[in-house]
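First the structure, in the form of structure tokens, and then the observations on it.
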Amino acid sequence: MSGFRDTEGMNRLRWPQKLAISTGALLVLWAVAGFFVTGFSSFAGESGTSILLLRVNPLQNTIHLVFGAALLLAAPRLKSLSGVGLLTAMSFLVVFGLGLARYDDQVVNFLNVNPGSNALHLVAGFAALAAAQGAAWCRQCDRAAALKAA
């Protein structure tokens, strides 16, 4: 068994890591399903293509795939989860803001959002923010516990 990795640490994931994994998996699955529906046509265009009443386009699918994969890759380490989670949160909250601006008729809807997909961006943004802040708290608690034990 010398070639096998010790998985005992993987069984002790903390809540920010679990939240990042679940949010990242949801985003990646949503992106893959979106690519099955849209393909790569009309990359940043407005269309009536939707999944479960949430409109999608290839640009939005790419954003979901990149940030979902980033959360999944950063989840095992709290330090990287803090940074990646914060970047993901800021990005999705900006996308949410762009989605709100879309309801003005003068703004081009290049993300093809509707109220449902805008709500998904808001929830994903706050989930990533919670994971980032939780990871920072866990790291701080670990440092305090190490100092107390020393």
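The values are calculated or read from the model by the stated rules, or taken from the named source; none is laboratory data. Bear in mind the structure is a predicted one, so any value in this text is a computation, not a measurement. Quick reminder, even Gly has a Cβ in these numbers, built from the backbone with ideal geometry, and neighbours come from all protein chains shown.
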Return the residue satisfying two criteria in turn: it lies in the stretch 101-150 and is farther than 26 Å from Ile21 by Cα and aromatic (Phe, Trp, Tyr), and of such residues it is modelled with the lowest pLDDT.
Tyr103
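Inspect all residues belonging to the stretch 59-81 and state whether any of them is over 14 Å from Ala127 (Cβ atoms), over 20 Å from the mean Cα position of the chain (by Cα) and either modelled with pLDDT under 90 or exposed (fewer than 15 other Cβ atoms within 10 Å of the Cβ) (or both).
No: the stretch 59-81 contains no residue that is over 14 Å from Ala127 (Cβ atoms), over 20 Å from the mean Cα position of the chain (by Cα) and either modelled with pLDDT under 90 or exposed (fewer than 15 other Cβ atoms within 10 Å of the Cβ) (or both).
So if I check each of Ser50, Ser91, which one is within 21 Å of the chain's Cα centre (by Cα), of a type in the set (Ser, Thr, Tyr), modelled with pLDDT of 85 or more and under 17 Å from Ser117 (Cα atoms)?
Details: Ser50 fails: modelled with pLDDT of 85 or more.
Answer to the selection: Ser91.
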Evaluate the following for Ser2: is it of a type in the set (S, T, N, Q) and at pLDDT below 85?
yes
